[in-house]
1. Just to be sure before I move on: is Glu110 exposed (fewer than 15 other Cβ atoms within 10 Å of the Cβ), modelled with pLDDT under 90 and charged (D, E, K, R) in the structure I sent?
2. Specify which of the listed residues (Gly35, Gly94, Gly48) is on the phi > 0 side of the Ramachandran plot and of a type in the set (Gly, Ala, Ser).
3. Report, ordered by the first and then the second residue, all pairs with beta carbons closer than 6 Å, sequence separation of six or more or different chains, a first member in the stretch 68-87 that is at pLDDT below 90 and open to solvent by 50 Å² or more (accessible area, probe 1.4 Å), and a second member that is assigned to a loop (DSSP other than H, G, I, E, B) and basic (Lys, Arg).
4. Does Gly120 count as surrounded by 12 or more Cβ atoms within 10 Å (Cβ to Cβ), touching a residue at least 60 places away in the same chain (Cβ under 8 Å) and closer than 27 Å to Gly14 by Cβ?
5. Take residues that are in contact with a helix residue (DSSP H, G or I) (Cβ under 7 Å, 6 or more places away or on another chain) and tell me which of the strands (runs of 3 or more DSSP E) falling wholly in the stretch 71-131 contain 1 or more.
6. Search the stretch 14-26 for residues being β-branched (Val, Ile, Thr) and crowded, with 19+ Cβ neighbours inside 10 Å, and hand back the single one that is farthest from Gly120 (Cα to Cα).
7. Return a yes/no flag: does the stretch 66-75 have any residue that is over 28 Å from Asp131 (Cβ atoms) and touching a Leu at 6+ places or on another chain (Cβ under 7 Å).
Amino acid sequence: MDYEILAAAEYYIGLGLKVFPVHSIQDGECTCGKGAQCSAPGKHPATGRGMLDATDDPDVINRWFGRESGVQFNIGIPAGEIGLVVDIDPRNGGEESYQRLAQIHGDFHEILGAVCVKTGGGGEHWWFSTD
């Protein structure tokens, strides 16, 4: 198991964000245990209340993302904690859509200084602060 995920979760809470565990893919299957029946492999909350369970409590973070968890979860961050999130999903034409917007409004990704986070589907989430 790769425990860099714990360091990433700790980094996010150090920025003042709250996090929650999201199922991941291990051995080709979602960690939820539903196998082929999972409708969103590696992309759904691993807690009962999802983003409502988000926390910045270091003990809970360690339980979720540390060695003792036995599962390497992905990290979820409630979008409202960040400000604005733009999802660039290449499978659904996200890059082309962004290029059309940039032709009209300029490259707001560069202008506004978004933080770019890679997604499991090969796309990106661009985080913009609304402060």
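The values are calculated or read from the model by the stated rules, or taken from the named source; none is laboratory data. Quantities reported herein were computed from a predicted structural model and do not represent experimental measurements. Cβ: placed from backbone, ideal geometry, glycine included. Neighbour counts: every protein chain shown. Accessible surface is based on the protein model in full, side chains and every heavy atom, while ligands, DNA and RNA are left aside. Shrake-Rupley method; radii C 1.70, N 1.55, O 1.52, S 1.80 Å.
1. Numbers: exposed (fewer than 15 other Cβ atoms within 10 Å of the Cβ): yes; modelled with pLDDT under 90: yes; charged (D, E, K, R): yes.
Yes.
2. Numbers: Gly94 fails: on the phi > 0 side of the Ramachandran plot; Gly48 fails: on the phi > 0 side of the Ramachandran plot.
Of Gly35, Gly94, Gly48, the one residue that is on the phi > 0 side of the Ramachandran plot and of a type in the set (Gly, Ala, Ser) is Gly35.
3. Here the result reads Glu81/Lys18, each pair linking the stretch 68-87 to a residue that is assigned to a loop (DSSP other than H, G, I, E, B) and basic (Lys, Arg).
4. yes
5. On the way: elements: 74-76, 84-88, 115-118, 124-128.
Hits in the stretch 71-131: 74-76, 84-88, 124-128.
6. Step one: list which residues in the stretch 14-26 are β-branched (Val, Ile, Thr), which gives 19, 22, 25.
Remaining after also requiring crowded, with 19+ Cβ neighbours inside 10 Å: 19, 22.
On the way: Val19: 17, Val22: 12 Å.
Once the filter is applied, the top-ranked residue is Val19.
7. Yes: the stretch 66-75 contains one or more residues that are over 28 Å from Asp131 (Cβ atoms) and touching a Leu at 6+ places or on another chain (Cβ under 7 Å).
Yes or no, residue by residue, for (1) farther than 20 Å from Lys118 by Cβ; (2) not basic (Lys, Arg):
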| residue | (1), (2) |
| --- | --- |
| Asn62 | yes, yes |
| Arg67 | yes, no |
| Gly94 | no, yes |
| His105 | yes, yes |
